[in-house]
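Written below as structure tokens is the structure these notes are about.
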Amino acid sequence: MPTRRFSVTVEDVEAEVVLKAIKHTHIRVSPPHGTVRVSAPLGTTVGEVRTILLSRLGWIRTHQARFAASITFTAPQMETGEVHYCWGQPYPLLVREVANRAGAELRAGQLVLAVPAGSSKDERERLLDRWYRRQLQRAIPSVLARWEPVVGVQSSQWGVRKMRTLWGSCNIKAARVWFNLDLAKKHPESLDYVVVHELTHLLEPSHGSRFEELVSRAMPDWEGRHERISQSIFDPGIWARH
């Protein structure tokens, strides 16, 4: 696929621009330093890129400021009183020391984490991750069954992984799809979106115009879902479509 790369600066915002065979212009702001990248159709002029960036300066600066603030973010310490999420809903964490049957459950509006006496932060996190994995594993089969006929493709296998920069991934040759463990913390619409996204990759490997057309056909409101999940705490990059 032919591409052209150059840089553009508008006021105090510098952006890397990539022109390629796509239909729409996208602006991405990436952590941790708020790097700006523009993907635009071949033939887009420097002046047109400047105009687009100027129209989105407020949006770009908002997310750059958020990334700057998140650098000092303190990771959860797995202590009573912290707020943790399950399927988009916040729950206060209640840590209880027990002699046996360690694990997590939702009870009376709280996320109760039963841990062995003297457990470390890492041990508590592993227990909670195990619980999140079960929530996701229970949800995925019905979501796949709902969307595979809509997308028009069937996966051969699926799994759950902890991922640092992706919500999902797939092995196209094997028709195998993987989902980020953190999806169990997000609103169910996020899992639907990631399922459709990864299934579509089994039909179209790239993120080009055909991929967008296939996703739009299966899920017309995918862009809103994409932006909402991109703006959550786990963040492989914030995208805007122009």
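Take the residues of region 12-29 that are surrounded by fewer than 18 Cβ atoms within 10 Å (Cβ to Cβ) and not aliphatic (A, V, I, L, M): which is farthest from residue 52 (Cα to Cα)? Working first, answer last.
Within region 12-29, the first condition is being surrounded by fewer than 18 Cβ atoms within 10 Å (Cβ to Cβ), and the residues that meet it are 12-14, 16, 18, 20-21, 23-24, 26.
Retained after the next criterion (residues that are not aliphatic (A, V, I, L, M)): 12, 14, 16, 20, 23-24, 26.
Details: 12: 15, 14: 13, 16: 13, 20: 16, 23: 15, 24: 12, 26: 10 Å.
So the residue we want is 20.
Within the set of pairs 6+ apart or on separate chains, which have a first residue in region 137-151 that is in contact (Cβ under 8 Å) with a residue 24 or more places away in the chain, a second that is open to solvent by 70 Å² or more (accessible area, probe 1.4 Å) and not small (Gly, Ala, Ser), and C-beta atoms under 9 Å apart?
Listed by first residue and then by second, the contacts come to 140/158; 144/154; 144/158; 148/154; 150/217; 151/217.
Checking the structure you have, find out if any residue of region 166-182 is in contact (Cβ under 8 Å) with a residue 60 or more places away in the chain and either within 27 Å of residue 217 (Cβ to Cβ) or in contact with a His (Cβ under 7 Å, 6 or more places away or on another chain) (or both).
Looking only at region 166-182, we keep the residues that are in contact (Cβ under 8 Å) with a residue 60 or more places away in the chain, and these are 166-167.
Narrowing the set further to residues that are either within 27 Å of residue 217 (Cβ to Cβ) or in contact with a His (Cβ under 7 Å, 6 or more places away or on another chain) (or both) leaves 166-167.
Checking region 166-182: at least one residue is in contact (Cβ under 8 Å) with a residue 60 or more places away in the chain and either within 27 Å of residue 217 (Cβ to Cβ) or in contact with a His (Cβ under 7 Å, 6 or more places away or on another chain) (or both).
For region 88-104, check the following and say yes or no: at least one residue is over 25 Å from residue 191 (Cβ atoms), open to solvent by less than 30 Å² (accessible area, probe 1.4 Å) and touching a strand residue (DSSP E or B) at 6+ places or on another chain (Cβ under 6 Å).
Step one: of region 88-104, the residues over 25 Å from residue 191 (Cβ atoms) are 94-102.
The next check asks that each one be open to solvent by less than 30 Å² (accessible area, probe 1.4 Å); those that pass are 95.
Still in the list and also touching a strand residue (DSSP E or B) at 6+ places or on another chain (Cβ under 6 Å): 95.
Within region 88-104, one or more residues are over 25 Å from residue 191 (Cβ atoms), open to solvent by less than 30 Å² (accessible area, probe 1.4 Å) and touching a strand residue (DSSP E or B) at 6+ places or on another chain (Cβ under 6 Å).
Quickly run through region 30-42 and pick out the residues that are touching a strand residue (DSSP E or B) at 6+ places or on another chain (Cβ under 6 Å) and either touching a residue at least 40 places away in the same chain (Cβ under 8 Å) or open to solvent by 70 Å² or more (accessible area, probe 1.4 Å) (or both). Show your work before the answer.
Here is the first cut: in region 30-42, the ones touching a strand residue (DSSP E or B) at 6+ places or on another chain (Cβ under 6 Å) are 36-40, 42.
Scanning region 30-42 gives 37, 42.
Please state which one of 49, 29, 83, 10 is under 28 Å from residue 182 (Cβ atoms), of a type in the set (Val, Ile, Thr) and modelled with pLDDT of 90 or more. Talk me through it step by step, then tell me what you get.
Details: 49 fails: under 28 Å from residue 182 (Cβ atoms); 29 fails: modelled with pLDDT of 90 or more; 10 fails: under 28 Å from residue 182 (Cβ atoms).
Answer to the selection: 83.
For region 83-115, enumerate the residues that are among the aromatic types (Phe, Trp, Tyr), assigned to a strand (DSSP E or B) and in contact with a helix residue (DSSP H, G or I) (Cβ under 7 Å, 6 or more places away or on another chain). Full working, then the answer.
Quick first cut of region 83-115, residues among the aromatic types (Phe, Trp, Tyr) only: 85, 87, 91.
This time we only want the ones that are assigned to a strand (DSSP E or B), so: 85, 91.
Result: 85, single match.
How do the pairs read when you match residues in region 109-132 that are over 22 Å from residue 162 (Cβ atoms) and among the β-branched types (Val, Ile, Thr) with residues anywhere that are open to solvent by 70 Å² or more (accessible area, probe 1.4 Å) and at pLDDT 95 or above, using Cβ under 9 Å and keeping only pairs 6 or more apart or on different chains?
Sorted first by the residue in region 109-132, then by its partner, the pairs are 112/96; 112/105; 112/106.
Restricting to region 150-201, what's the tally of residues that are over 21 Å from residue 85 (Cβ atoms) and among the basic types (Lys, Arg)?
2
Looking for whichever is open to solvent by 60 Å² or more (accessible area, probe 1.4 Å), farther than 19 Å from residue 208 by Cα, part of a loop (DSSP other than H, G, I, E, B) and of a type in the set (Val, Ile, Thr) here; the options are 80, 62, 51, 9. Which one fits? Step through it out loud before you land on a result.
Details: 62 fails: part of a loop (DSSP other than H, G, I, E, B); 51 fails: part of a loop (DSSP other than H, G, I, E, B); 9 fails: part of a loop (DSSP other than H, G, I, E, B).
Sole residue among the options that is open to solvent by 60 Å² or more (accessible area, probe 1.4 Å), farther than 19 Å from residue 208 by Cα, part of a loop (DSSP other than H, G, I, E, B) and of a type in the set (Val, Ile, Thr): 80.
The values are calculated or read from the model by the stated rules, or taken from the named source; none is laboratory data. None of these values were measured; they are calculated from a predicted model. So basically every Cβ, Gly included, is an ideal-geometry build from the backbone, and we count neighbours across all protein chains shown. All accessible areas refer to the heavy atoms of the entire protein, side chains included, with ligands and DNA or RNA removed. Shrake-Rupley method; radii C 1.70, N 1.55, O 1.52, S 1.80 Å.
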